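J.: Dropping a structure here in structure tokens format, bear with me for questions.
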Amino acid sequence: MEEIAGFYHEQLVDLMATGRLNGERVSGTLDQVLNTHLHSFFMHAGAARDYLGSFIAMRIGEDPAKVDSFKLLCKKLRTRHLDADPLLAALIARGLIKESQQKGQWETGGWMWELTELRNTSTHRRPYGSRFAEHSGIAVPLSPAGQFFRYRRPFQTQAGEDVLDLVVRQYQRVIELFCHLAKISGFDSEMMVITDDDIIEVRISDE
């Protein structure tokens with residue numbers, strides 16, 4: 001996400017420096033960098049989602065080697081699992097796992113479904129930048145007097161949302177969810193802090 005924000009900053013600075021602030025659409029060779037970072041974001045978000053599914057599968061007594069994705073976790077769920085783990089209960093309470101139209105079956109729901117669709121689109125169906133609307137970006141005024149601007153690059157979904165806005169929203173959701181699950185997991189989620197008293201020996205090598 002940091003790299004995508006950096007790309008936006010560079011593009012806006014360039015547009016302001018060259019005076020192209022009247023809605024002119026601009027593209028360049030650096031667009032491939034944005035495409036790569038966006039692909040990487042959804043790859044990592046999808047991996048985190050699937051690791052979570054496998055982790056919960058282990059906690060409810062299923063084989064994580066066989067249930068190695070969020071989708072497989074949903075398929076594996078039965079009534080006996082519903083009260084077996086607080087992490088699973090939290091996902092169900094938030095609507096991220098929901099009962100499907102087939103009674104007794106479960107599926108991905110809520111914003112987790114949206115994240116999955118975005119990930120599948122950018123990873124399997126088509127790369128970002130393959131649609132004409134995604135080929136270029138513009139400077140958008142944020143004030144009536146035209147004193148403040150931001151860069152905008154569309155993601156060709158039904159909403160036509162800006163790429164950075166889309167990524168930030170998904171990132172915030174994922175981070176908030178994982179922080180919440182860490183707190184209720186029963187494990188110590190505190191970051192280890194090493195002080196001088198903890199250091200017994202320091203070895204310095206020339207290699």
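J.: What is the helix-to-structure angle for 31-59, meaning the angle in degrees between its Cα long axis and the longest Cα principal axis of the chain, kept from 0 to 90 and rounded to the nearest 10?
T.: 10
J.: Moving to a separate point now. Which ³J(HN,Hα) values in Hz, rounded to whole numbers, follow from the phi angles of segment 84-101 under the Karplus curve 6.51 cos²θ - 1.76 cosθ + 1.60, where θ = phi - 60° and Gly and Pro get x?
T.: 8, 8, x, 5, 5, 4, 5, 5, 5, 4, 8, x, 7, 10, 9, 6, 7, 5
J.: Now for a different question. Give me a comma-separated list of calculated 3J(HN,Hα) values for segment 107-121, in order, Karplus coefficients 6.51, -1.76, 1.60 applied at θ = phi - 60°, integers in Hz, x for any Gly or Pro.
T.: Computed from phi, the couplings for segment 107-121 are 8, 5, x, x, 5, 5, 5, 4, 4, 4, 5, 5, 5, 5, 5 Hz.
J.: On a full-extension model of 0.36 nm per residue, what is the gain between T79 and A145, subtracting their alpha-carbon distance, rounded to one decimal in nm? Please list the in-between numbers first.
T.: On the way: separation 66, 0.36 × 66 = 23.76 nm, distance 5.93 nm.
Here the answer is 17.8 nm.
J.: Now a separate question. On a full-extension model of 0.36 nm per residue, what is the gain between L30 and W113, subtracting their alpha-carbon distance, rounded to one decimal in nm?
T.: 26.8 nm
J.: Once both axes come from the Cα atoms, what is the angle between helix 2-17 and the longest principal axis of the chain, in degrees from 0 to 90, rounded to 10?
T.: It works out to around 10 degrees.
J.: What aspartates and glutamates could a cross-link reach from K76, if we take a straight Cα to Cα line under 18 Å and drop same-chain neighbours fewer than 8 places away?
T.: In chain and number order, the partners are D50, E62, D63, D68, D85, E99, E107.
J.: Calculate for the chain the 222 nm mean residue ellipticity that helices alone would give, adding -39,500 (n - 2.57) per DSSP H run of length 4 or more and normalising by residue count, nearest 500 deg cm²/dmol. Mind showing how you got there, number by number?
T.: Working: 6 runs with 93 residues, N = 207.
Per the formula, -15000 deg cm²/dmol.
Only the coordinates and a few stated rules stand behind these numbers; no lab work does. Remember, it's a predicted structure, so these values are computed and weren't measured experimentally.
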